[in-house]
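Below: one structure, written as structure tokens.
The values are calculated or read from the model by the stated rules, or taken from the named source; none is laboratory data. Just so we're clear, the structure is a prediction, and the values are computed from it rather than from any experiment. Counting neighbours? That spans all protein chains shown, and the Cβs are built from the backbone with ideal geometry, glycine included. For accessibility, only protein heavy atoms count, side chains too; no ligands or nucleic acids. Shrake-Rupley method; radii C 1.70, N 1.55, O 1.52, S 1.80 Å.
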Amino acid sequence: MRSDDWYVTEDLDRFLSHAGGFLRSRPDLHTVALTVTESLRTRGLRAYGGDEPPVFGVMKRDGQVRGAYFRTPPYRLNVTPLTADETDALAAHLVAIGHPVPGIIGTRETTAGFVRSWQRHTGATSALRQRQRLHRLGMLMMPQPVPEGGARVAGEKDRDQLIRWYGEFTEGVGEHAAGDLEAWADHRIAYGGVTFWEDIDGTPASMCGVTPMVAGQVRIAPVYTPPHLRGRGYAGAVTVEVSRAAVRAGAEEVLLFTDLANNTSNGLYQRIGYRAVADFEVYDFSGGAGS
């Protein structure tokens, strides 16, 4: 495979005109690409912050799209599933255009191939940051016992709470917030994208977010419970309510990612009906010609 089977663009409309059908062909495996490009389309190209415009890439062979990538600087490269030959061609393509790659997110097989190729082409060193598992909702089940209280969609009066909890969530998982915290909260409030589980006194105890529906899929994210309230069933209960609402709204696939190092969350989501689809890995790169 040749590196020139790939081409790069900063034009989102052009990217979607070529790769949109491909991305929608597997909305589960392409959930992040679908969600991010929809957010960029509706909220603007700087929806995720950063000083540089997003970049998009498409791989075509024999007139068919075989792969795609995007990057919203300063964040990592996100790549659709690729074969070993395709990841090597991608690495050569990115070196040829001089595009920096601080890290990569993709299926386990894809990242393994790309890491080897990127190191060979650039001399960079890699560090595995996280192993993730993508899950799809099967038969939804409420975990027992159900905590006291109930679910409520967050609104304008909850803006400060959302900003604070999203900041705590991103800090807790060791990541920077994808864009401005205030803008994130305003966007989620606008489409009802966060639900609280409130205790019997009406005090929020946990939150569960959901992305807008694209290509029949939504993704649960983020789920957060303050440390002093964990272990009481709030996260499971609110996730069930958000998942149920997504199905009622017409979602054909309800998805979520878990950190494989977190046995508690993996066990919880399995108990409420989520089943594994594929494993993903997150790598950071340092040094070398392409970092």
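When all alpha carbon pairs of the stretch 78-122 are counted in 10 Å bins from zero, the resulting P(r) reads 31, 63, 6 %.
Using only alpha-carbon positions in the stretch 160-291, the gyration tensor eigenvalues give semi-axes of 24, 19, 17 Å once each is multiplied by 5 and square-rooted (largest first). Rg and Dmax of the chain, based on Cα coordinates, read 19.4, 62 Å.
Using heavy atoms of the protein chains and a probe of 1.4 Å, the accessible area assigned to ARG232 is about 130 Å². Per-residue ellipticity at 222 nm, computed for the chain from helices alone with -39500 (n - 2.57) per DSSP H run of at least four residues, works out to -11500 deg cm²/dmol. Evaluated with a Cβ-only charge set (Lys, Arg +1; Asp, Glu -1), the chain carries a dipole of roughly 640 debye about its Cα centre, given to the nearest 20.
How do PHE22, PHE285 rank by accessible surface area computed with a 1.4 Å probe, from largest to smallest?
Descending accessible area places them as PHE22, PHE285.
Rolling a 1.4 Å probe across all protein chains gives TYR283 an accessible area of roughly 40 Å². Surface composition of the chain: carbon plus sulfur atoms hold 48% of the accessible area, using a 1.4 angstrom probe and ignoring ligands, DNA and RNA. Using C-alpha pairs under 8 Å with a sequence gap of at least 6, the mean separation divided by the residue count of the chain gives a relative contact order of 24 percent. Scattering from the stretch 1-76 was approximated by placing one identical point on each alpha carbon and applying the Debye formula without solvent; log10 I(q)/I(0) at 0.16, 0.17, 0.22, 0.26 1/Å stands at -0.56, -0.63, -1.02, -1.31. Roughly what percent of Cα-Cα pairs across the stretch 207-283 reach past 19 Å? The share of Cα pairs beyond 19 Å in the stretch 207-283 comes to 35 percent. The value obtained for the stretch 1-143, namely the Cα convex hull volume divided by the number of residues, is 138 Å³ per residue.
Can you list the equivalent-ellipsoid semi-axes of the stretch 62-165, largest first and in whole Å, using the square root of 5 times each Cα gyration tensor eigenvalue? The equivalent ellipsoid of the stretch 62-165 has semi-axes of 38, 19, 14 Å.
In the stretch 114-238 the Cα-Cα distances spread across 5 Å bins starting at 0 as 2, 9, 16, 20, 17, 14, 9, 5, 4, 3, 1, 0 percent of all pairs. Sorting VAL194, VAL210 by solvent-accessible area of protein heavy atoms yields VAL210, VAL194, largest first, with a 1.4 Å probe. Solvent exposure of the chain amounts to 46 Å² per residue of accessible area, where only protein heavy atoms count and the probe is 1.4 Å. Take the Cα pairs of the stretch 183-229, get the Kirkwood Rh, then feed it into Stokes-Einstein at 10 °C and 1.306 mPa s and tell me D in µm²/s. Value of D from the Cα-based Kirkwood radius: 136 µm²/s.
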